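Bear in mind that the values in this text are calculations on the coordinates, not laboratory data. Because the structure is a prediction, the values reported are computed rather than measured. As a convention, Cβ positions derive from the backbone with ideal geometry for all residues, glycine included, and neighbour counts pool all protein chains shown.
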Amino acid sequence: MVRKRSFLDLHGSHESHLGYTGLSFEEAIPYSGSDDIRHINWKMTARTQTPMLNRFSEEREIPVVLVYLNSGSLYFGEPKSKHHTAVETLTLLSYTASNSKDGFATLFYDDRSAKWYRASRLKKMAARNYDHALSLNPIGASSDIQIAMIELSSRLKRSSVVFLIGDFLTFAQNLDFSILSHRHSVYAAIIRDRDEENITLRGKYDIIDPISQKRSTIQIDSKTATRYNKLFANKDNALLRQMDIDHIAHQKIYTDQEPLDQLIKLVRQK
């Protein structure tokens, strides 16, 4: 089980604690005269009436991996699109993870291409992530999340902290997150716009599917909107239930929210 760590120092300058290396308590052992008295476990000593010492072991560095799931459905939202919110979220995670000893690796994925950047702790790699994500055109793209997780799983040789960034609207009922979560600590930043979850528009509209790029004309009345909102909520609830079953921490980040605040909530879940 990957050791959990706080993502941000809320009382300081938001420094990263991901990939923390230090000492962790392992067990209490009988005290000998040559041991450092600063490590005496006074509570256990009082309980057992025998001097007991805390023994520590060095914690292993936990690699950080960021996964950006590009999709045409990110091309939505006003005044800020889900695409820009996803880029901002990735950039925040990138700069924070660059403080870890082993740095961070990144997978950019959609059905057209997959780009893997090996682990680095250089700050310029965070800027590279920003530039790469911003340059990606979401129109016409789609992400098969299952294939992306298989791709990632094949690359990860050590237990890692994995952040999945996307809107997860292509969620399928048979999606199995456990391909990652059985070995890794996985967090999902779910990028959304409130208007897509709760349609309030009424009237006739010409629309373009951002994935298939097919044009169509739709008439939205109260009955249509109610049916859409119900179907969307049912599918979303199924996604969140599956994440809970597979032990995936998840947090929605809406386009009208500050990603930093929501990321803090996300990492506090583990």
Could you work out how far the C-alpha centroid of the range 60-116 sits from that of the range 208-228, in angstrom? 29 Å
Spin-label zone in the range 227-270 - amide nitrogen under 19 Å from a point set 7 Å from the Cα of residue 179 along the C-beta vector: 239-249
Labelled set (1) 20.7; (2) 21.3; (3) 19.5; Kirkwood radius over Cα pairs in Å computed from this model equals the value at (1)
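Using Cα pairs closer than 8 Å and at least 6 residues apart in sequence, work out the relative contact order for the chain, in percent. Each step should come with its number before you reach the end.
On the way: 506 pairs, mean separation 52.1, N = 270.
Normalised by residue count, the contact order of the chain is 19 percent.
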Take every DSSP beta bridge with both residues inside the range 145-249 and express the antiparallel ones as a percent of the total, to the nearest 5. 45 percent
Taking 207-215, 127-135 and ranking on average Cβ neighbours within 10 Å, highest first, one gets 127-135, 207-215
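Around residue 215, under 10 Å between beta carbons, what's the net of Lys plus Arg minus Asp minus Glu among the other residues? Could you put the intermediate results ahead of the total?
Details: positive: 214; negative: 206, 209.
For residues surrounding residue 215, the net value is -1.
How far, in nm, would the chain grow between residue 198 and residue 244 when pulled straight, counting 0.36 nm per residue and subtracting the alpha carbon separation?
On the way: separation 46, 0.36 × 46 = 16.56 nm, distance 2.33 nm.
Extra length available between residue 198 and residue 244 comes to 14.2 nm.
I need the peptides 70-79, 107-116 ranked by packing, meaning the mean over residues of other C-beta atoms within 10 angstrom, with the highest value on top.
Ranking, from highest mean packing down: 70-79, 107-116.
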Extension reserve of the residue 213-residue 122 stretch, reckoned as 0.36 nm per residue once the Cα distance is removed: 28.9 nm
Who wins for biggest fluctuation among 243, 44, 149 in a Gaussian network model of the chain, springs between alpha carbons below 10 Å? 44
Listed residues 216, 159, 81, most fluctuating in the chain (Gaussian network, C-alpha, under 10 Å): 216
Hypothetical label at residue 139: residues of the range 75-92 whose amide nitrogen lies under 14 Å (7 Å Cα-Cβ projection): 75-76
